[in-house]
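Peer 1: One structure, pasted below without further comment.
The values are calculated or read from the model by the stated rules, or taken from the named source; none is laboratory data. Predicted model, so just to flag it, every value in this text is computed and none were measured. For neighbour counting, all protein chains shown are included, and Cβ atoms are generated from backbone atoms with ideal geometry for every residue, glycine included.
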2 protein chains.
Amino acid sequence: MEKRVYNFSPGPAVLPVPVLEAAQRDLVAFPGAGCSILEISHRSKTFDKIINEAEANIRKLYGVPENYRVLFMQGGAILQFGMIPMNLLRNSGKTADYVVTGTWTKKASAEAKTQGSVRIVWDGKEGNYNRVPKAEELKFDPNAAYAYICSNETIQGVQYPREPDVGGVPLICDSSSDFLSRPVPIEKYGLLFACAQKNAGPAGVTTVIIRDDLVARSPEDLPSLLNYKVFAEGKSLLNTPPTFAIYVVKLVTDWLLNTIGGLEKMAEINRKKARMLYDAVDQSKGFYLPHAESASRSMMNVPFKLSSDELTQKFLAEAAAVDLCELKGHRSVGGCRASIYNAMPVEGVEKLRDFMLDFAKKNG
Amino acid sequence: MEKRVYNFSPGPAVLPVPVLEAAQRDLVAFPGAGCSILEISHRSKTFDKIINEAEANIRKLYGVPENYRVLFMQGGAILQFGMIPMNLLRNSGKTADYVVTGTWTKKASAEAKTQGSVRIVWDGKEGNYNRVPKAEELKFDPNAAYAYICSNETIQGVQYPREPDVGGVPLICDSSSDFLSRPVPIEKYGLLFACAQKNAGPAGVTTVIIRDDLVARSPEDLPSLLNYKVFAEGKSLLNTPPTFAIYVVKLVTDWLLNTIGGLEKMAEINRKKARMLYDAVDQSKGFYLPHAESASRSMMNVPFKLSSDELTQKFLAEAAAVDLCELKGHRSVGGCRASIYNAMPVEGVEKLRDFMLDFAKKNG
């Protein structure tokens, strides 16, 4: 086997090794099917079992109530940025409330403006998106079509410790980069979606958990694949779904249930991993500078800076030399970023923490 | 290794075994990358090389002119059914011309009607879609926004021997089930698209070959992922693309170029395979009844009937018992259908032909 490094990429990101090994084993001939998982008909009993298990696993992990659909769609989070206002805002005569906490909510609100009236409830640009708003900073419109947040901003590394109170308005949440990383009270959401390539599987499938009353709102003048109602009625099989990506989601959720033991356990491990890195930053006496304020820190993406570009380059090069890879921060924040999703093993984070301590000692 | 059968599924469909073996080999650790192909960043040099090679291969195979973009999108053919009229019909003040030759053009024209004015130029329903129209049956509107055809109807097994003359109007073609199966003069098309899961790779990626003047037509009030112009400017990397599916498209097009030797060679093999089955049907003295008229017969999907449902069931069961699988026809046509895409080996078709001759002898 080729060498595997510790991959701190923000996504596509690290997957559990047992998941990769299972997918590899079945890639030429899926047991009992006589053909590869890539060649199996989406109308076959074999695939029916796979997609039903993937859905059942997500329902079980989150405790998804009966009045919610779990859909597997294509197009990533950015297609949802368009579909949400196409289905729930356009022709509603209402305004949608967006809370802008970083790159992805900024992008989502811009996409929504092509479809209807958007109000920015709060915008964190003054602090270069280093925190989520406090409860008292948020005044939602009780007549809004919906209120929109991103639970975890991948680029800025800011995460809501818990969802804000939006009153009676449907809460829409982009959970792409913290999906399945901790328990979430789904009943507080109207719609929660996540592309797979951070915590749930490979790029190419997006999970949408949507409440029945929102499904019912879809207008009739939309192409079928862009219409939540039609898509939900077709049970994600309106056309050929991304079969392989859904199969990997099934394997990852199997792993979460059976190897990890559920989302409480996963969250505990994730908190432990994040604490190691934030402690290394906080105890460095300013050698490493955190981007996010303490109360808004992400358990998934840990951005931090060093005092100069030169030192940052040195850090990245020396880290890569010991197989700690993909640690470069996004250009809008700069510095470094460690993405430590579910599948990043504790040993990988320990190794990074030790490297950080050592590097600070030598260069501080 | 688990047993592999001959899989005549209409899609997701058979893939070349060397492609599956290569994908399997790299699934845990891609050579030189230190992580799985599923975990590689879409912004990495490794993936950049993969997507560029996939595009270059398609350009080389089809001889795609310089003034065409090759895009890798999500959402399958059905998202294109919506995107084409959203980008090229809505707000154009024009009508779009659709030629309805089977299930997929019927569906495409219905989706287009949600976005604008559609004219059905010809509809083959009288013959239950058993042929493509003759040149003299087609009168295209010289002021149409575009003229739309499906080069090969997967369900009915009817295929245009060559594209109709649509005058100066942009010709749009759904080539999902005959993509890369024969040479095509791309310069005669405005836009040609194909989902991957028949001839090009796994489900989850759709190739769109689009001329620059059509790219330029996209209106500004569309979400970015649904806008050809924005998507083309982003070079298919507007958001995370389905990286694994694109990687398999690269492997399949490598195979077409290097193992098969190009589309002329592929077409020759495909004609030979199709002829074997059509000869078996034609020489059966009515035991097997073809669906499509001779001049419209598909080289990819071969639907045929037996005299009763009972005999059809017997045929399917006995075929499956000797590993000739997925031969059931679609309910709208009935009977049987053998999908014999590029990756179906000649031996698989020979085995089916021999089985058909033997079955007719025993049951005729």
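Peer 1: Hey, among the residues in the stretch B:231-254 that are aliphatic (A, V, I, L, M) and outside any loop (DSSP other than H, G, I, E, B), which one's farthest from the other protein chains (Cβ to nearest Cβ)?
Peer 2: B:A232
Peer 1: Just checking: which of the helices (runs of 4 or more DSSP H) contained wholly in the stretch B:1-109 hold 1 or more residues that are within 29 Å of B:K134 (Cα to Cα), among the β-branched types (V, I, T) and touching a helix residue (DSSP H, G or I) at 6+ places or on another chain (Cβ under 6 Å)?
Peer 2: Qualifying helices (runs of 4 or more DSSP H): B:76-88.
Peer 1: For the stretch B:304-343, give me the residue count where each residue is within 13 Å of chain A (Cβ to nearest Cβ), touching a strand residue (DSSP E or B) at 6+ places or on another chain (Cβ under 6 Å) and among the aliphatic types (A, V, I, L, M).
Peer 2: Residues meeting the conditions: 2.
Peer 1: In addition: For B:R69, state whether it is away from every other protein chain (no Cβ under 14 Å), closer than 16 Å to B:V215 by Cβ and among the basic types (K, R).
Peer 2: Numbers: away from every other protein chain (no Cβ under 14 Å): yes; closer than 16 Å to B:V215 by Cβ: yes; among the basic types (K, R): yes.
Taking the combined requirement at face value, the residue satisfies it.
Peer 1: Something else: Look at the stretch A:164-185 and say how many of its residues are over 15 Å from the mean Cα position of the chain (by Cα) and either of a type in the set (D, E) or closer than 18 Å to A:K265 by Cα (or both).
Peer 2: Within the stretch A:164-185, residues that are over 15 Å from the mean Cα position of the chain (by Cα) and either of a type in the set (D, E) or closer than 18 Å to A:K265 by Cα (or both) number 2.
Peer 1: Can I ask one more? Within the stretch A:277-295, which residues are assigned to a strand (DSSP E or B) and either closer than 14 Å to A:Y129 by Cα or touching a His at 6+ places or on another chain (Cβ under 8 Å) (or both)?
Peer 2: Answer for the stretch A:277-295, where residues must be assigned to a strand (DSSP E or B) and either closer than 14 Å to A:Y129 by Cα or touching a His at 6+ places or on another chain (Cβ under 8 Å) (or both): just A:P290.
Peer 1: Considering every residue within the stretch B:26-43, establish whether at least one is closer than 25 Å to A:Q80 by Cβ and of a type in the set (S, T, Y).
Peer 2: Yes: the stretch B:26-43 contains one or more residues that are closer than 25 Å to A:Q80 by Cβ and of a type in the set (S, T, Y).
Peer 1: Which of the residues belonging to the stretch A:174-188 are surrounded by fewer than 21 Cβ atoms within 10 Å (Cβ to Cβ) and acidic (D, E)?
Peer 2: Within the stretch A:174-188, A:E187 is the sole residue that qualifies.
Peer 1: Does A:K125 meet the test of being of a type in the set (K, R) and within 14 Å of chain B (Cβ to nearest Cβ)?
Peer 2: Against the criterion (of a type in the set (K, R) and within 14 Å of chain B (Cβ to nearest Cβ)), A:K125 does not qualify.
Peer 1: Still on this model: If you scan the stretch B:224-260, which residues turn out to be within 21 Å of A:F244 (Cβ to Cβ) and surrounded by fewer than 19 Cβ atoms within 10 Å (Cβ to Cβ)?
Peer 2: Once the filter is applied, which keeps residues that are within 21 Å of A:F244 (Cβ to Cβ) and surrounded by fewer than 19 Cβ atoms within 10 Å (Cβ to Cβ), the stretch B:224-260 yields B:L237, B:D254.
Peer 1: If you don't mind, there's one more thing I want to ask. Looking only at the stretch B:110-122, filter to residues that are over 22 Å from B:Q159 (Cβ atoms) and assigned to a strand (DSSP E or B); which one of those is farthest from the other protein chains (Cβ to nearest Cβ)?
Peer 2: B:R119
Peer 1: Right, next: Please tell me if A:A196 is of a type outside the set (D, E, K, R), in contact with a Cys (Cβ under 8 Å, 6 or more places away or on another chain) and either modelled with pLDDT of 95 or more or not assigned by TED's automatic domain parsing to the domain that holds A:S339 (or both). I'd like the intermediate steps shown before the answer.
Peer 2: On the way: of a type outside the set (D, E, K, R): yes; in contact with a Cys (Cβ under 8 Å, 6 or more places away or on another chain): no; either modelled with pLDDT of 95 or more or not assigned by TED's automatic domain parsing to the domain that holds A:S339 (or both): yes.
Spelling it out, it is not the case that A:A196 is of a type outside the set (D, E, K, R), in contact with a Cys (Cβ under 8 Å, 6 or more places away or on another chain) and either modelled with pLDDT of 95 or more or not assigned by TED's automatic domain parsing to the domain that holds A:S339 (or both).
Peer 1: Something else about it: If we scan the stretch A:54-68, do we find a residue that is surrounded by 21 or more Cβ atoms within 10 Å (Cβ to Cβ), closer than 21 Å to B:G75 by Cβ, aliphatic (A, V, I, L, M) and touching a residue at least 40 places away in the same chain (Cβ under 8 Å)?
Peer 2: The answer is yes, given that some residue of the stretch A:54-68 is surrounded by 21 or more Cβ atoms within 10 Å (Cβ to Cβ), closer than 21 Å to B:G75 by Cβ, aliphatic (A, V, I, L, M) and touching a residue at least 40 places away in the same chain (Cβ under 8 Å).
Peer 1: Right, here's the next one. Which of the residues that make up the stretch B:296-318 are more than 20 Å from B:K198 (Cα to Cα), of a type outside the set (F, W, Y) and part of a helix (DSSP H, G or I)?
Peer 2: Scanning the stretch B:296-318 gives B:D309, B:E310, B:L311, B:T312, B:Q313, B:K314, B:L316, B:A317, B:E318.
Peer 1: Could you count how many residues in the stretch A:161-217 are in a loop (DSSP other than H, G, I, E, B), among the hydroxyl-bearing types (S, T, Y), more than 12 Å from chain B (Cβ to nearest Cβ) and within 17 Å of A:Q80 (Cα to Cα)? Working first, answer last.
Peer 2: In the first step, residues of the stretch A:161-217 are kept if they are in a loop (DSSP other than H, G, I, E, B); the result is A:161-170, A:175-185, A:189-190, A:196-205, A:216-217.
Applying the additional criterion that residues be among the hydroxyl-bearing types (S, T, Y) yields A:175-177, A:181, A:189.
Narrowing further to those that are more than 12 Å from chain B (Cβ to nearest Cβ): A:175, A:181, A:189.
Checking the rest, the ones that are also within 17 Å of A:Q80 (Cα to Cα) come to A:175, A:189.
The number of residues fulfilling the criteria is 2.
Peer 1: Kindly evaluate A:N52 against the criterion of being under 28 Å from A:Q115 (Cβ atoms) and either assigned by TED's automatic domain parsing to the domain that holds A:V184 or modelled with pLDDT under 95 (or both).
Peer 2: So A:N52 does not fit the description; no.
Peer 1: So A:K198 passes all but one of these: (1) over 22 Å from A:V132 (Cα atoms); (2) touching a Ser or Thr at 6+ places or on another chain (Cβ under 7 Å). Which condition number does it fail?
Peer 2: (1)
Peer 1: Any residue at all in the stretch B:287-301 that's without any contact (Cβ under 8 Å) to a residue 24 or more places away in the chain and either aliphatic (A, V, I, L, M) or surrounded by 18 or more Cβ atoms within 10 Å (Cβ to Cβ) (or both)?
Peer 2: Yes, some residue in the stretch B:287-301 is without any contact (Cβ under 8 Å) to a residue 24 or more places away in the chain and either aliphatic (A, V, I, L, M) or surrounded by 18 or more Cβ atoms within 10 Å (Cβ to Cβ) (or both).
Peer 1: Among the candidates A:I51, A:I120, A:I58, A:I84, single out the residue that is under 30 Å from B:K3 (Cα atoms), of a type in the set (A, V, I, L, M, F, W, C) and touching a strand residue (DSSP E or B) at 6+ places or on another chain (Cβ under 9 Å).
Peer 2: When all the criteria are applied, what remains is A:I51.
Peer 1: Still on this structure, I have one more. From the list B:G82, B:G102, B:G75, pick out the single residue that is buried (at least 23 other Cβ atoms within 10 Å of the Cβ), farther than 30 Å from A:A321 by Cα and within 13 Å of chain A (Cβ to nearest Cβ).
Peer 2: Values: B:G82 fails: buried (at least 23 other Cβ atoms within 10 Å of the Cβ); B:G102 fails: within 13 Å of chain A (Cβ to nearest Cβ).
That would be B:G75, the only listed residue that is buried (at least 23 other Cβ atoms within 10 Å of the Cβ), farther than 30 Å from A:A321 by Cα and within 13 Å of chain A (Cβ to nearest Cβ).
Peer 1: Look at B:E350 and say whether it is closer than 21 Å to B:P202 by Cα, in contact (Cβ under 8 Å) with a residue 24 or more places away in the chain and within 26 Å of the chain's Cα centre (by Cα).
Peer 2: Answer is no for this residue.
Peer 1: For the list (1) farther than 30 Å from A:A23 by Cβ; (2) modelled with pLDDT under 95, I need the number of the one condition that A:P303 fails.
Peer 2: Against the list (1) farther than 30 Å from A:A23 by Cβ; (2) modelled with pLDDT under 95, A:P303 comes up short only on (2).
Peer 1: Looking for something among the acidic types (D, E) and within 25 Å of B:R162 (Cα to Cα) - is there at least one such residue anywhere in the stretch B:252-259?
Peer 2: The answer is no; no qualifying residue exists.
Peer 1: Go through the stretch B:99-147 residue by residue and tally those that are over 18 Å from B:S177 (Cα atoms) and of a type in the set (F, W, Y).
Peer 2: Residues meeting the conditions: 3.
Peer 1: Residues of the stretch A:1-44 being among the hydroxyl-bearing types (S, T, Y) and either touching a residue at least 40 places away in the same chain (Cβ under 8 Å) or within 7 Å of chain B (Cβ to nearest Cβ) (or both), which ones?
Peer 2: Scanning the stretch A:1-44 gives A:Y6, A:S9, A:S36, A:S41.
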